[in-house]
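The values are calculated or read from the model by the stated rules, or taken from the named source; none is laboratory data. Computed from a prediction, not measured in an experiment: that's the story for all the values here. For neighbour counting, all protein chains shown are included, and Cβ atoms are generated from backbone atoms with ideal geometry for every residue, glycine included.
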Amino acid sequence: GAVVSQHPSWVICKSGTSVKIECRSLDFQATTMFWYRQFPKQSLMLMATSNEGSKATYEQGVEKDKFLINHASLTLSTLTVTSAHPEDSSFYICSARDPRTGGITDTQYFGPGTRLTVL
Amino acid sequence: GQQVMQIPQYQHVQEGEDFTTYCNSSTTLSNIQWYKQRPGGHPVFLIQLVKSGEVKKQKRLTFQFGEAKKNSSLHITATQTTDVGTYFCAGGDYKLSFGAGTTVTVRA
């Protein structure tokens, strides 16, 4: 399957600081990437859809000014958690659609996730 | 929006036994995808089902897509300790809607 990387794998920061998380598709070009958040023992919750060259689309209830998304190239999307607070502590996972899979819906491949802890 | 329900939430299985996890959608799905997430890990793609009534097998795992394309199931035979993890179904045309997941533990 396709490979998606995420950096950093974990980060601890102080309340009020901003944290940037990178998501890269390593062996394919992804025009669309997705950002999810997962709390312990819960399912994945879609935060936003990141489209290369255009503005991200946010799900209802997700603050776009707090979770800044930039999809500057076909292989890189970044999520910046601005002015992070302890309630933002979570597991953030990105995924990328692989257009080569050719199904009705392109298969999504997930990055390894970033565990954010805000003190 | 589209909702995908998944049961059971937890499945504690004796090693060697079979079990099934079920997924139901409130609307017809164009396809359904299954993922496995090991403890501390990230979701790993298992399979995608597209056709009505489709059945696919991966060794001891059997995936089914219902005739109405509103439900799906994952059946695992002869459970092994390597099957431990959370299994998610997800459906959607573009954005995936994930079920709550079935967390599987195995007793030897």
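Select from the stretch B:95-108 the residues that are in a loop (DSSP other than H, G, I, E, B) and touching a residue at least 40 places away in the same chain (Cβ under 8 Å) and write down the one among them that is surrounded by the fewest Cβ atoms within 10 Å (Cβ to Cβ).
Looking only at the stretch B:95-108, we keep the residues that are in a loop (DSSP other than H, G, I, E, B), and these are B:95-96, B:99-101, B:108.
Next, from what is left, pick out any that are touching a residue at least 40 places away in the same chain (Cβ under 8 Å): B:96, B:99-101, B:108.
Working: B:L96: 25, B:G99: 27, B:A100: 19, B:G101: 25, B:A108: 7.
Checking each candidate, the answer is B:A108.
Checking the structure you have, find out if any residue of the stretch A:92-105 is at pLDDT 95 or above and either of a type outside the set (A, V, I, L, M) or assigned to a loop (DSSP other than H, G, I, E, B) (or both). Step through it out loud before you land on a result.
Step one: list which residues in the stretch A:92-105 are at pLDDT 95 or above, which gives A:92-94.
So of that shortlist, the ones also either of a type outside the set (A, V, I, L, M) or assigned to a loop (DSSP other than H, G, I, E, B) (or both) come out as A:92, A:94.
Taking every residue of the stretch A:92-105 in turn, at least one turns out to be at pLDDT 95 or above and either of a type outside the set (A, V, I, L, M) or assigned to a loop (DSSP other than H, G, I, E, B) (or both).
Can A:A72 be described as farther than 28 Å from B:L46 by Cα and not in a loop (DSSP other than H, G, I, E, B)?
Numbers: farther than 28 Å from B:L46 by Cα: yes; not in a loop (DSSP other than H, G, I, E, B): yes.
Here the answer is yes, as A:A72 does meet what is asked.
Among the residues making up the stretch A:25-45, those that are in contact with a Ser or Thr (Cβ under 6 Å, 6 or more places away or on another chain), outside any loop (DSSP other than H, G, I, E, B) and either under 18 Å from A:V3 (Cβ atoms) or within 11 Å of chain B (Cβ to nearest Cβ) (or both) are A:S25, A:M33, A:F34.
Of all the residues in the stretch B:71-94, those that are surrounded by fewer than 17 Cβ atoms within 10 Å (Cβ to Cβ) and either of a type outside the set (D, E) or touching a helix residue (DSSP H, G or I) at 6+ places or on another chain (Cβ under 9 Å) (or both) number 8. Residues in the stretch B:44-70 that are within 14 Å of chain A (Cβ to nearest Cβ) and closer than 16 Å to B:M5 by Cα were compared, and the one that is surrounded by the most Cβ atoms within 10 Å (Cβ to Cβ) is B:F65.
Among the numbered conditions (1) surrounded by fewer than 21 Cβ atoms within 10 Å (Cβ to Cβ); (2) touching a residue at least 40 places away in the same chain (Cβ under 8 Å); (3) more than 12 Å from the chain's Cα centre (by Cα), the only one that B:N31 does not meet is (1).
When the stretch A:1-24 is filtered for residues that are under 18 Å from A:T80 (Cβ atoms), part of a loop (DSSP other than H, G, I, E, B) and in contact with a helix residue (DSSP H, G or I) (Cβ under 9 Å, 6 or more places away or on another chain), only A:S15 remains.
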